[in-house]
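Undergrad: Starting off with a structure, shown below.
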Amino acid sequence: MTIADIEKLLHKYDKYLETVEEISIEEQSGKPLCKLKDIAYSYDKIIAELFAREEERPKSVDAISIKGGFVNFIEFKDRKMHKQDAKQNIRMKISESLHSFERIIMNNNFMVVNGINSRFILVYSKQKNEEHIQKQRQKEPRRLNDALLSFSTLSTQKEFVHDKYDKLWRYVTEAISMNEEDFAKNKSLYL
C-alpha cells in the first residue's frame, strides 16, 4: 500500500475536508488558532461519526492531511502547554489516532507492515505559551521537544532522546512542535 492508496481510501471521508481555520477553532473561545484556508480532514469529526452510538470514543487529533510522503496527524492547542499535555494527553491522542486510523479507517495495520511514514505535528499558541517556553528554556531546555521526540522513530535531534523507553517506544516516524506562526510559514510542508 502506498500514500496514493491511502489518499484514495480517505476520499470516502471528503465531507470532512475543512479549512485549517475551521479545524483549529478552540471550543471555549470560539476562535481559530490558525487562520489558514488550506484544507485537511477534520479527524475529530470523522471519529465522532464512526463512534456516534458509543458511550466512549477514542481520543483523536484535530486533523489529518497527506503531504510530502507523510500522513500528518495534526493537533492544535490554543492554550498553555504543561508537562502533563506532552506526556499524557498528547501520547494518548497520538496512540489512539494511529490505532483508529490503521484499524478502523484503513481496516488494516498497513502503516507498520508497509513502512509508511507518519508525522505528528503539535501547533501551539505562541502568545499563550511564551512565558512558559521562556522559563523552560532557562530551566530545562527543549523539554517539550524531548517529550515529542520520544514518540518518533526518526529524529535529527537524537541527542535529546535519553532513556531506553524513549529509544524503543515510538508512535510516529517524526514528531514536531511549533507555534502557529511557524506552522503558517511552513504550511506547504504539511498541508
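Rule-based calculations on the coordinates, nothing more; no lab input. Predicted model only: the values in this text are computed from it and were never measured.
Undergrad: Across region 57-63, in residue order, what do the Karplus-derived ³J(HN,Hα) couplings come to in whole Hz, using 6.51 cos²θ - 1.76 cosθ + 1.60 with θ = phi - 60° and x for Gly and Pro?
TA: For region 57-63, the Karplus curve yields 10, x, 5, 8, 6, 6, 9 Hz.
Undergrad: Further question on the same structure: Given 0.36 nm per residue, what is the gain on full extension from S29 to T2 after removing their alpha carbon distance, in nm?
TA: 5.8 nm
Undergrad: Still on this structure, I have one more. With an 8 Å Cα cut-off and a minimum separation of 6 or more residues, compute the relative contact order for region 21-126 in percent.
TA: 26 percent
Undergrad: Next question. Find the eigenvalues of the gyration tensor of the Cα atoms of region 43-105, then list the square roots of 5 times those eigenvalues as equivalent ellipsoid semi-axes, largest first, in whole angstrom.
TA: Each semi-axis is √(5λ); the values are 19, 17, 11 Å.
Undergrad: Now a separate question. Taking amide H positions as placed in the peptide plane 1.01 Å from N, state which residues far from R79 in sequence (5 or more) or on other chains have amide H under 5 Å from it.
TA: Under 5 Å from the amide H of R79 lie the amide H atoms of S125, each far enough along the sequence or on another chain.
Undergrad: Can you give me the long-range amide H partners of V172? Hydrogens built in the peptide plane at 1.01 Å from N, cutoff under 5 Å, separation of 5 or more residues or another chain.
TA: S152, T153
Undergrad: Normalise the Cα radius of gyration of region 1-42 by 2.2 N^0.38 Å (N = residues in it) and let me know the number.
TA: After normalising by residue count via 2.2 N^0.38 Å, the value is 1.41.
Undergrad: Could you give me the ³J(HN,Hα) list for region 113-126, computed from phi with Karplus coefficients 6.51, -1.76, 1.60 and θ = phi - 60°, whole Hz, x at Gly and Pro?
TA: So the Karplus estimates, Gly and Pro as x, are 4, 9, x, 7, 6, 9, 9, 9, 10, 9, 9, 10, 6, 4 Hz.
Undergrad: Short version: ³J(HN,Hα) in whole Hz for each residue of region 179-187, in order, from phi by Karplus 6.51 cos²θ - 1.76 cosθ + 1.60 (θ = phi - 60°), x for Gly and Pro, what are they?
TA: 7, 5, 5, 5, 4, 4, 5, 9, 4
Undergrad: Please compute P(r) over all alpha-carbon pairs of region 1-84, binned at 10 Å starting from zero, and give each bin as a whole-number percent.
TA: 17, 44, 32, 7, 0
Undergrad: Right, something else. For a quick check: with amide H placed at 1.01 Å from N, whose amide H comes under 5 Å from I25's, ignoring anything fewer than 5 positions away on the same chain?
TA: Counting only residues 5 or more places away or on other chains, the set is L33.
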